[in-house]
Amino acid sequence: MTPAALADLVRSAAVDVLTSRGLDTGVLPAEVTVERPRNPEHGDYATNLALQVSKKLGVNPRDFAGWLAEALTKQDGVAAVDVAGPGFLNLRLDADAQGAIVREALTAGAAYGHNELLAGKKINLEFVSANPTGPVHLGGTRWAAVGDALGRVLEAEGAAVTREYYFNDAGAQIDRFVRSLVAAAKGEPAPADGYGGGYIGDIAAEILRREPSVLSLPDAERDETFRRVGVNLMFDEIKQSLHDFGTDFDVYFHENSLHESGAVERAVERLKASGDLYEQDGAWWIRSKDFGDDKDRVVIKSDGQPAYIAGDIAYFKDKRDRGFDLCIYMLGADHHGYIGRLKAAAAALGDDPDTVEVLIGQLVNLVADGKPVRMSKRAGTVITLEDLVDAVGVDAARYSLIRSSVDSAVDIDLDLLRKQSAENPVYYVQYAHARVCSVLRNAADLKIDEGQVADADLSLLTLDKEGALIRTLGEFPKVVASAAELREPHRVARYLEELAGSFHKYYDDKDPQAKVLPKGDEEVSARAVPQLHLYRATRQVLRNGLALLGVSAPERM
């Protein structure tokens with residue numbers, strides 16, 4: 001019996017209990033919460049349903065819990081139900097009922113943990129969007145990992161997700177980038193407000209190779225050449241490094257296209273006509289404060305040039321015109337002000353502000369030899385995506401960046417991620433998968449006939465550690481749904497660590513019954529086949545979870 005099936009059973013029993021006593025069944029929640037208790041001695045699952053609804057019913061919660069316990073103990077698959085405290089219900093299931101989780105995981109295969117909660121939802125997920133003025137730094141690398149994982153989690157819940165990169169090819173940062181390239185090509189120091197670093201010299205050298213006479217061109221033509229070729233070279237490098245990191249985008253949207261197409265101008269004129277823009281001190285301001293922002297924002301500057309928010313407004317409208325139901329923006333730690341202004345822009349355009357979601361990611365700190373690794377983009381010592389991958393590999397880099405909530409800064413310990421031990425979380429999870437695969441290979445070598453899981457006697461899986469592992473497997477769909485709803489893919493990583501821990505404890509159990517494979521002349525035990533199905537289910541869930549993170553599931557380590 002899966003947690004979802006048990007929740008349905010509890011609700012059904014509650015309906016019967018209330019109906020038989022002439023009480024209102026309308027007080028029951030649409031979905032009953034069933035959870036694993038922290039202390040396994042309290043049972044396999046627990047529910048606080050009686051505490052939730054007793055006040056509305058006008059009955060004592062322990063009385064309602066007692067009625068419910070009596071009804072549930074008569075149900076197939078329920079071994080025992082106890083009333084605890086003020087009205088909690090602790091439930092224990094028969095081993096065969098728990099075995100349904102193993103069957104479901106193996107029957108669903110790669111689709112186990114997926115459902116259709118977001119079916120029909122069209123989501124635009126914009127992340128990374130680093131300026132094409134340098135390699136992807138650690139902050140952008142965090143979003144590359146988290147954003148891609150979030151996209152996978154949302155898709156697992158049935159959403160149609162478009163991963164989008166907003167290519168900032170307009171604005172002052174591009175002008176500084178061009179001046180830096182020109183200086184490097186001339187052999188001069190970088191401008192005071194420019195970009196340093198070896199990559200500038202490399203790009204400048206490549207431009208000179210492609211356009212040998214570029215420095216002899218008139219300044220305007222020279223700069224345009226450095227802009228055109230240099231930005232393309234930088235962006236090609238960014239896209240390649242992201243691809244090598246396992247992160248690809250469906251759409252690369254050019255900011256400059258909004259200006260060239262007149263989209264910015266049209267959006268501004270629309271807001272002027274609606275009265276949501278007003279003129280003051282020679283500039284045009286959006287009444288963003290009226291829509292929940294902390295202050296009004298300049299949209300058209302006093303010199304007539306559009307401010308950055310002008311492009312944001314046009315960009316949001318473009319997304320909605322393309323049919324997206326929800327626009328998720330994943331921005332850096334210094335972009336808190338964008339939450340209010342983007343929602344205000346949506347409202348000013350006559351749209352629902354809730355079609356905008358902004359996730360803010362905090363900083364990433366790199367630690368080596370117990371000391372922080374400093375980074376400075378202007379000094380050319382920026383720590384990049386490639387630096388991190390070169391140090392620990394793609395899997396460890398992605399996993400370590402995903403496993404913490406983006407609301408908090410994260411320290412990446414390079415020494416820890418190089419360890420092949422339980423201290424290294426990604427190794428711990430991948431090693432669990434490799435261990436499962438090893439046992440299954442050995443079982444195949446011994447020609448143990450497992451048959452079909454539908455025919456297996458899973459009631460033989462009676463060990464405490466087997467029950468704990470099975471119940472952990474049963475939590476996976478709920479974890480994925482929660483990760484999607486809360487936009488927190490780190491929940492999947494933390495779950496995988498729990499699952500790996502549960503498996504390692506079972507694998508290392510000294511109880512002779514926990515051993516799967518015979519030794520020497522021993523015969524294959526009756527428990528071996530259901531155990532191997534449990535191993536396969538564990539392998540499947542580990543694979544599914546790692547796939548949601550974009551991390552490999554090695555069969556040997």
* Structure fact -> Within segment 503-531, the count of residues that are under 18 Å from R441 (Cα atoms), touching a helix residue (DSSP H, G or I) at 6+ places or on another chain (Cβ under 6 Å) and in a loop (DSSP other than H, G, I, E, B) comes to 3
* Would you please list the contacts, defined by Cβ atoms under 7 Å and residues six or more apart or on different chains, that run from a residue in segment 176-199 that is under 15 Å from R228 (Cα atoms) to a residue that is open to solvent by 50 Å² or more (accessible area, probe 1.4 Å) and in a loop (DSSP other than H, G, I, E, B)? => R176/D193; S180/A190
* Structure fact -> Quick count over segment 497-551, residues being open to solvent by less than 10 Å² (accessible area, probe 1.4 Å), over 15 Å from V439 (Cα atoms) and modelled with pLDDT under 95, is 0
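Could you check, for segment 455-472, whether at least one of its residues is assigned to a helix (DSSP H, G or I), closer than 25 Å to R142 by Cα and open to solvent by less than 10 Å² (accessible area, probe 1.4 Å)? Break it down stepwise before answering.
Step one: list which residues in segment 455-472 are assigned to a helix (DSSP H, G or I), which gives 455, 458-460, 464-472.
Restricting the remaining residues to those that are closer than 25 Å to R142 by Cα gives none.
The answer is no, given that none of the residues of segment 455-472 is assigned to a helix (DSSP H, G or I), closer than 25 Å to R142 by Cα and open to solvent by less than 10 Å² (accessible area, probe 1.4 Å).
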* Name the residues in segment 251-301 that are surrounded by 13 or more Cβ atoms within 10 Å (Cβ to Cβ), in a helix (DSSP H, G or I) and under 34 Å from the mean Cα position of the chain (by Cα), would you? -> E255, N256, S257, L258, H259, A263, V264, A267, S288, K289, F291
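Test A100 against the criterion of being among the aliphatic types (A, V, I, L, M), within 37 Å of the chain's Cα centre (by Cα) and in a helix (DSSP H, G or I), and give yes or no. It would help to see each step written out before you state the result.
Values: among the aliphatic types (A, V, I, L, M): yes; within 37 Å of the chain's Cα centre (by Cα): yes; in a helix (DSSP H, G or I): yes.
Judged against the criteria, A100 is a match.
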* Structure fact -> Output for Cβ contacts, cut-off 9 Å, separation at least six or different chains, first residue without any contact (Cβ under 8 Å) to a residue 40 or more places away in the chain and over 22 Å from G99 (Cα atoms) in segment 4-18, second open to solvent by 40 Å² or more (accessible area, probe 1.4 Å) and not in a helix (DSSP H, G or I), reads L18/D24
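Test of understanding: among G113, G120, which residue is on the phi > 0 side of the Ramachandran plot, in contact (Cβ under 8 Å) with a residue 24 or more places away in the chain and either in a helix (DSSP H, G or I) or out of contact with any strand residue (DSSP E or B) (no Cβ under 9 Å at 6 or more places or on another chain) (or both)?
Working: G120 fails: either in a helix (DSSP H, G or I) or out of contact with any strand residue (DSSP E or B) (no Cβ under 9 Å at 6 or more places or on another chain) (or both).
Being on the phi > 0 side of the Ramachandran plot, in contact (Cβ under 8 Å) with a residue 24 or more places away in the chain and either in a helix (DSSP H, G or I) or out of contact with any strand residue (DSSP E or B) (no Cβ under 9 Å at 6 or more places or on another chain) (or both) holds for just one of G113, G120, which is G113.
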* To do: Kindly provide the set of residues from segment 207-223 that are free of Cβ contacts under 8 Å to residues at least 40 places away in the same chain, in a helix (DSSP H, G or I) and either in contact with a strand residue (DSSP E or B) (Cβ under 7 Å, 6 or more places away or on another chain) or surrounded by 14 or more Cβ atoms within 10 Å (Cβ to Cβ) (or both), ordered by number.
  => I207, L208, V214, L215
* Tabulated pairs, segment 45-62, first of a type in the set (S, T, N, Q), second buried (at least 19 other Cβ atoms within 10 Å of the Cβ), C-beta under 6 angstrom, 6+ apart or interchain -> T47/V10; T47/V34; T47/L89; N48/F88; S54/P61; S54/F64
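Within segment 356-448, which strands (runs of 3 or more DSSP E) (wholly inside it) include 1 or more residues that are open to solvent by 40 Å² or more (accessible area, probe 1.4 Å) and closer than 30 Å to D193 by Cβ?
Values: elements: 356-360, 364-368, 371-373, 410-413.
Those strands (runs of 3 or more DSSP E) span 364-368, 371-373.
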* To do: Give me the pairs, please: first residue somewhere in segment 156-169 and at pLDDT below 95, second residue anywhere and hydroxyl-bearing (S, T, Y), beta-carbon distance under 6 Å, and either six or more positions apart or on two chains.
  => Y166/S129; F167/Y252
* To do: Report, by residue number, each residue of segment 473-496 that is surrounded by fewer than 16 Cβ atoms within 10 Å (Cβ to Cβ) and in contact with a helix residue (DSSP H, G or I) (Cβ under 8 Å, 6 or more places away or on another chain).
  => S482
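The values are calculated or read from the model by the stated rules, or taken from the named source; none is laboratory data. Just so it is clear, the model here is predicted, and its values are computed rather than measured. Glycine also receives a Cβ, built like all others from the backbone with ideal geometry; neighbour counts cover every protein chain displayed. We work out accessible area using only protein heavy atoms, side chains counted, and drop any ligands, DNA or RNA first. Shrake-Rupley method; radii C 1.70, N 1.55, O 1.52, S 1.80 Å.
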